[in-house]
Each structure stands twice: as C-alpha cells, then as structure tokens.
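The values are calculated or read from the model by the stated rules, or taken from the named source; none is laboratory data. This is a predicted model, so every value here is computed, not measured. As a convention, Cβ positions derive from the backbone with ideal geometry for all residues, glycine included, and neighbour counts pool all protein chains shown.
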Amino acid sequence: MAPTIPKTQKQWTLEGKRGIDSLTWNDQAPVPEVGEYDVLVKFHAASLNYRDLTIPIEGGYPFPTTDSVIPGSDGAGEIVATGSKVTRFTVGDLVLTLFNQEHLSGFLTPRARMTGLGGQLDGTLRQYGAFHELGVVKMPGNLDVMEAATLSCAALTAWNALYGVEGRALRPGDWVLTQGTGGVSMFGLQVCSIHHPPSFAFPAVYWGSSLYVDMVSQFAKAAGAKVIATTSSAAKAEKLKQLGADHVINYKTQPHWGEMARELTGSHEGVAHVIEVGGPTTVAESLAAVRMEGVISIIGYIGGQTEVQPTFHETLVRDCIVRGIQIGSREQLEAMNRAVEGCDIHPVVDEKVFRLEELKEAYQYMWDQKHFGKLRIKIEH
C-alpha cells in the first residue's frame, strides 16, 4: 500500500539578508509535485553547516543564491513516491541528499556549482522534497536517519579533501592537519583510527572549532593514521583525545601552531594534508605545517578576513598544492558511504537535537559555537 502523501507541509524559506531573522516559517506550503525522473523524499532529519548560517547574511556567502530558497543541504529520509521513469529507487528506500545536484562525477563544473541545495535549489529544511533520482543516494546501512543526515556536506568534503587529488590520496605514514571540532574534521579523525591494510592509512593534525573537523578526523583515524588536533578549549581537547587524536595543540597559547605541528610529525617534514577551514586568518600556519608535495584543501573561512595573507611565494617555497574544494560528486559520496558502512563509522554529533520548528534556536546555538560535532534537526510528521 502506497504511503499517504499530504497536500501541504511545514517548511522554512530565507527571505532577505537579515541573518537569522531571514528564516520564515510556513506550515501550509505545498508538497512538491514529482516529475517522471523524480523521487519524493519524506525527510526525517537534517543537519546544519556553517554555510547555512552565512547565506542569510549580506556578503556572508560568496556565491549567488535564490530568493525565497528553502535552506539546508543535508537531509535523510524515505522515498514515498517515484516518477514513472525512475529506475534507481523504489518506495521505501532510505536515502540522503547530494549537495550539488548535478555534480555526478569527475571535476566540478560552473553549471554543477550552481545546483547547490539550500542556496540555489530548494533544500532540506522541510518535511518533503522532490529530487531527480540522480540527486539522492542510498543511506549507509549502519546508520540511522539522524546520523545519515549529517553526511551530505561535511562528510563528503572530508572525503574529497583526503582522496580527491589523484596521486595524493590518504596513505600509510602520512600526517593530516585539520582545523576545528565540527563536521569535516571529526570525520577525518575517524578514518585514521580504524586500522586498515597498509594501503589505507594516514595521520592528521587538528585546529579550531568548525563544522568541517568531524569527518576529516574520523576518516583519518579509520585509515590507521595519527592525528594532531588543535583547539582553544581544554574540554574539547579532552574530547578530541577520546576520539583518537594523538596530539592536541591549544592555538591560543601556541599561536605558531603550524611549526609545532610540523615538529610533531617526527621527521619534522610536515603534514601531508591540511584541511583549511579558518581561511585567510589561518592559512599562514597551514603553510608552515604542510610538507613538500603536500596538499592544503581550502574548504572554509570561519576565521573571517585579514589584510595580511600569504603570497604566491609561500606556496612556491613549500612546493605544495593549494586547492579550493566545494563538497564532492555523487560518485565520491557513494564511495564514501561504502567506507562508512564497511568501517562502521558513525558521525560525531552534538548531544542536543532541535525540532524543525526550532530552527532559529538551532542557528543561534551554532552561531554561538555551543556545538561539538554535527548539529541535527529532527523533522516530525
């Protein structure tokens, strides 16, 4: 028997650039129609990213956005209807969303970059969403929907950072520098801690407080790597050690943490990967930490702006790759999900869960940096 689908739903939209006040509630919004290649997802959970906070701020997000867009890129739920030409899914399948709906494989293109959920296309902070069947993937079988809803942005970004450059992928004996206690970095930590065959191992370094730290740290530890984490909080330092960080640096008391991280690599050669989330205010330290032929993946800018930034000369001297990345492809998401299931990786999540109706409170909670790990939104029906 097919599920009963209501005519209306509860959802949020972004109206203007007034920060949290831009969030507008509608409890009588229409449930979207399903095209012939579409699936209708009944969302049970979503999660927030730093990007979600910046989009409703004038000048806060560097890419164009759509007026009155439904926010949120990360969501998980069950398929309750399919279009007549859908072949990849059936009703009842549990799925999660792909961030850039048209980034299916290979390099990101300008067209695909303009298909981001919650920015250009309607996102996940609603009860129902219709997506092309290529725009969702099956959930890892080891996760529930509340966990799977954290994967679309932070987890995939971490995976791309560690495995996205051919010839520079995660390897045994390498070191990674991550920044923060948020989504990407924490997952990166996990990849280092599950011991795999020698072809799948990698160490990491950790900085600050952002959504991008979770995944990098978890992924790095699952690969059998070592992790150096930095934070300004003694309480977070203890949590990082519990999660598998081998070293923790307090960047408040050690402002030159890049050189310190380099010294902790043993050979003093530096780290193989830097997961750069601070942006202009931290990249100089990242350059100090990276080894020759290493990779700095720039994925965030939570540190704000500064007039004094490293130049081309520093990159040349370090002989490293500096790359900007925006999440990853469906092909990478499916590969990551296989690793999540095969290694039984579970996201590090904040203990507090907000209901969909409490989204403004969730934004404020995250803006105040009260979270540790991914911040989840429960979507009830």
Worksheet item: Would you call F312 surrounded by 15 or more Cβ atoms within 10 Å (Cβ to Cβ) and of a type in the set (F, W, Y)?
Response: no
Discussion item. So, in region 81-114, exactly how many residues are within 23 Å of R376 (Cα to Cα) and hydroxyl-bearing (S, T, Y)?
Written reply: 1
Discussion item. Looking only at region 35-54, filter to residues that are surrounded by fewer than 20 Cβ atoms within 10 Å (Cβ to Cβ) and not in a strand (DSSP E or B); which one of those is modelled with the lowest pLDDT?
Written reply: T54
Practice prompt. Please work out if D93 is in the same structural domain as D38 (by TED's automatic domain parsing), in contact with a strand residue (DSSP E or B) (Cβ under 8 Å, 6 or more places away or on another chain), within 22 Å of G16 (Cα to Cα) and in contact (Cβ under 8 Å) with a residue 12 or more places away in the chain.
Written response: no
Discussion item. Here is a check on your reading of the model: is S267 at pLDDT below 70 and among the hydroxyl-bearing types (S, T, Y)?
Written reply: no
Worksheet, complete the sentence: Per the filter on region 263-296, residues under 22 Å from the mean Cα position of the chain (by Cα) and polar (S, T, N, Q) are T281, T282, S286
Worksheet entry | Criterion (assigned by TED's automatic domain parsing to the domain that holds F99, closer than 20 Å to L143 by Cα, among the aliphatic types (A, V, I, L, M) and at pLDDT 90 or above) met by exactly one of V353, V340 | V353
Item to complete: Would you point out which residue out of S199, S185 is modelled with pLDDT under 90, among the polar types (S, T, N, Q), surrounded by fewer than 24 Cβ atoms within 10 Å (Cβ to Cβ) and over 30 Å from P30 (Cβ atoms)?
Response: S199
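Yes or no, residue by residue, for (1) of a type in the set (D, E, K, R); (2) under 19 Å from the mean Cα position of the chain (by Cα); (3) more than 16 Å from E357 (Cα to Cα):
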{"residue": "T8", "(1), (2), (3)": "no, no, no"}
{"residue": "G16", "(1), (2), (3)": "no, no, yes"}
{"residue": "G19", "(1), (2), (3)": "no, no, yes"}
{"residue": "L48", "(1), (2), (3)": "no, yes, no"}
Item to complete: Mind counting the residues in region 11-21 that are surrounded by fewer than 19 Cβ atoms within 10 Å (Cβ to Cβ) and not in a loop (DSSP other than H, G, I, E, B)?
Response: 4
Practice prompt. Specify the residue that is surrounded by the fewest Cβ atoms within 10 Å (Cβ to Cβ); the eligible residues are those in region 158-174 that are over 18 Å from G270 (Cα atoms) and touching a Leu at 6+ places or on another chain (Cβ under 9 Å).
Written response: Y163
